[in-house]
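As structure tokens, the structure follows; a few thoughts come after it.
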Amino acid sequence: MSTTVLVDYLGRNVRLTAERRQHILKHHPEMAEWMDQVADVLAHPEQVIRSRFDPESELFYVWQTRTRVGPKYLCTVVVVRENDAFVLTAYLTDSVKKGEVLWPRNDT
């Protein structure tokens, strides 16, 4: 089983393991045609939210106008630890979860 190393918008290396890829495709079969977009979501997110339930989890979102199930956000969940980051899951969703907004920054 192989691991792919992706790079997020902050330049962090994010692992996508074969096991996580299999998990995503098993539990979210609609993601089969979107797996190649996960790297782009991490590198160029429209929004990044820290999970309210798991402070190590960051949710990366990009709006997709054309999916099999209509317009949806492509969400990729990344667990970020001090010396490691990995994709936990990815799925299509209607809405952005509530939580601390990490990106875009609102430094006004």
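Data table
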quantity	calculated
All positions within segment 63-108 that are at positive phi and either among the hydrophobic types (A, V, I, L, M, F, W, C) or surrounded by 11 or more Cβ atoms within 10 Å (Cβ to Cβ) (or both)	99
Test: residue 107 is of a type outside the set (A, V, I, L, M) and modelled with pLDDT of 95 or more	no
Positions within segment 16-74 being of a type in the set (Val, Ile, Thr) and in contact with a helix residue (DSSP H, G or I) (Cβ under 8 Å, 6 or more places away or on another chain), in sequence order	24, 62, 67, 69
Filter result for residue 82 (in contact (Cβ under 8 Å) with a residue 12 or more places away in the chain and acidic (Asp, Glu))	no
Scan of segment 44-62 for residues that are of a type outside the set (Val, Ile, Thr), surrounded by 15 or more Cβ atoms within 10 Å (Cβ to Cβ) and under 16 Å from residue 10 (Cβ atoms), ordered by number	45, 47, 50, 57, 58, 59, 60, 61
Qualifying residue in segment 14-26 (condition: open to solvent by less than 90 Å² (accessible area, probe 1.4 Å), out of contact with any His (no Cβ under 8 Å at 6 or more places or on another chain) and hydroxyl-bearing (Ser, Thr, Tyr))	yes
Residue that is farthest from residue 61 (Cα to Cα) [pool: residues in segment 1-48 that are assigned to a strand (DSSP E or B) and touching a residue at least 40 places away in the same chain (Cβ under 8 Å)]	17
Flag if residue 101 is outside any helix (DSSP H, G or I) and without any contact (Cβ under 8 Å) to a residue 60 or more places away in the chain	yes
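The values are calculated or read from the model by the stated rules, or taken from the named source; none is laboratory data. Quick caveat, the model's predicted, so the values are computed rather than measured. Glycine gets a Cβ as well: all are built from the backbone with ideal geometry, and neighbour counts include every protein chain shown. Just the protein is used for accessible areas: all its heavy atoms, side chains included, with ligands, DNA and RNA removed. Shrake-Rupley method; radii C 1.70, N 1.55, O 1.52, S 1.80 Å.
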